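J.: One structure is given below, represented as structure tokens, and several questions about it will come after.
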Amino acid sequence: MKALLIVDVQNDFCPGGTLAVPDGEKVVPVINSLMDRFSVIIASKDWHPKSSKHFLKWPVHCLQDTYGAAFYPQLDDEKIQFVFLKGTEGEDDGYSAFEATNNDLESFLKAKQVDDLYVCGLATDYCVLASALDAKKKGFHVLVIEDAVRGVEVTKGDVERAKEEMKHKGIVFIHSNEVPLE
Ligand code: VGL
Ligand code: ZN
């Protein structure tokens, strides 16, 4: 079985948001167009409390139950079967979807007999990176959809370095048009 993991396609990571990823909203039509190819579709949300150590490193973003933490309006979110919330405590960054506190992503995927995890969303050099590496470590075959991810690139070269690290660890990069139909 394969599954689509949509990482953090939230208002604060899109234009106008407090931690906008350059061209972040461009992943949305690509992700929407892929949903028909998956029977398991899940998402993560960055879901921070007002006070968090995370905000010593980052502008305040994705506060729980705010517009900034909502999915980008054009995302077809009714097709998402479960939303994993991460970064929910004051002490943790929660970059990886496997650190979600409202459900266990690994058990969820194993219960659905998922072997191939297709990853898309934001941001390539943080939460996509951390989620893909964790998935690989847990034994999933991980494929990142290269035209359905964008990075923050705090330092020039971060996105390229993130991609190299993922490839080095055996994570596969594919174009959305290469995703099998079912
Ligand atoms: C993210 C920075 C801070 C992400 C989350 O979703 O990639 N990046 N919090
Ligand atoms: Zn965050």
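The values are calculated or read from the model by the stated rules, or taken from the named source; none is laboratory data. Nothing here was measured: the structure is a model prediction, and the numbers come from that model. All Cβ positions, glycine included, derive from the backbone under ideal geometry; neighbour counts span all protein chains shown. We work out accessible area using only protein heavy atoms, side chains counted, and drop any ligands, DNA or RNA first. Shrake-Rupley method; radii C 1.70, N 1.55, O 1.52, S 1.80 Å.
J.: What's the number of the condition D92 fails, among (1) outside any loop (DSSP other than H, G, I, E, B); (2) within 16 Å of ligand 2 (Cβ to nearest atom)?
T.: Result: D92 passes all but (1).
J.: Scan the range 4-19 and give yes if some residue there is among the aliphatic types (A, V, I, L, M), in a loop (DSSP other than H, G, I, E, B), within 16 Å of ligand 1 (Cβ to nearest atom) and at pLDDT 95 or above, otherwise no.
T.: Looking only at the range 4-19, we keep the residues that are among the aliphatic types (A, V, I, L, M), and these are 4-7, 9, 19.
Pick out the ones that are also in a loop (DSSP other than H, G, I, E, B) and you get 9, 19.
From what is left, the residues that are within 16 Å of ligand 1 (Cβ to nearest atom) are 9, 19.
Restricting the remaining residues to those that are at pLDDT 95 or above gives 9, 19.
Yes - at least one qualifying residue is present in the range 4-19.
J.: Conditions first: (1) among the charged types (D, E, K, R); (2) out of contact with any helix residue (DSSP H, G or I) (no Cβ under 7 Å at 6 or more places or on another chain); (3) closer than 22 Å to V30 by Cα. K156 passes all but one, so which condition is the exception?
T.: (3)
J.: Of all residues in the range 20-57 being of a type in the set (A, V, I, L, M, F, W, C) and assigned to a helix (DSSP H, G or I), which is most open to solvent (accessible area, probe 1.4 Å)? Outline the logic, then answer.
T.: Let us first name the residues in the range 20-57 that are of a type in the set (A, V, I, L, M, F, W, C), namely 20-21, 27-28, 30-31, 34-35, 38, 40-43, 47, 55-56.
Retained after the next criterion (residues that are assigned to a helix (DSSP H, G or I)): 27-28, 30-31, 34-35, 55-56.
On the way: V27: 0, V28: 3, V30: 30, I31: 0, L34: 2, M35: 4, F55: 37, L56: 151 Å².
Looking at the filtered set, the residue picked out is L56.
J.: Can you tell me which residue is nearest to ligand 1 (Cβ to nearest atom) among those in the range 77-89 that are assigned to a loop (DSSP other than H, G, I, E, B) and closer than 20 Å to K112 by Cβ? Write out each step before concluding.
T.: Looking only at the range 77-89, we keep the residues that are assigned to a loop (DSSP other than H, G, I, E, B), and these are 80-81, 87-89.
If we keep only those that are closer than 20 Å to K112 by Cβ as well, we get 80-81.
Working: I80: 16, Q81: 20 Å.
Step by step, filter the range 77-89, then rank; the result is I80.
One line per residue, one yes/no per condition, for (1) within 14 Å of ligand 1 (Cβ to nearest atom); (2) small (G, A, S); (3) within 30 Å of P180 (Cβ to Cβ):
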{"residue": "H48", "(1), (2), (3)": "yes, no, no"}
{"residue": "F98", "(1), (2), (3)": "yes, no, yes"}
{"residue": "D104", "(1), (2), (3)": "no, no, yes"}
{"residue": "F108", "(1), (2), (3)": "no, no, yes"}
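J.: Here is a further query. Please go through the range 128-182 and pick out each residue that is closer than 26 Å to H61 by Cβ, open to solvent by 30 Å² or more (accessible area, probe 1.4 Å) and not in a helix (DSSP H, G or I).
T.: Selection gives E146, D147, R150, E153, V154, T155, K156.
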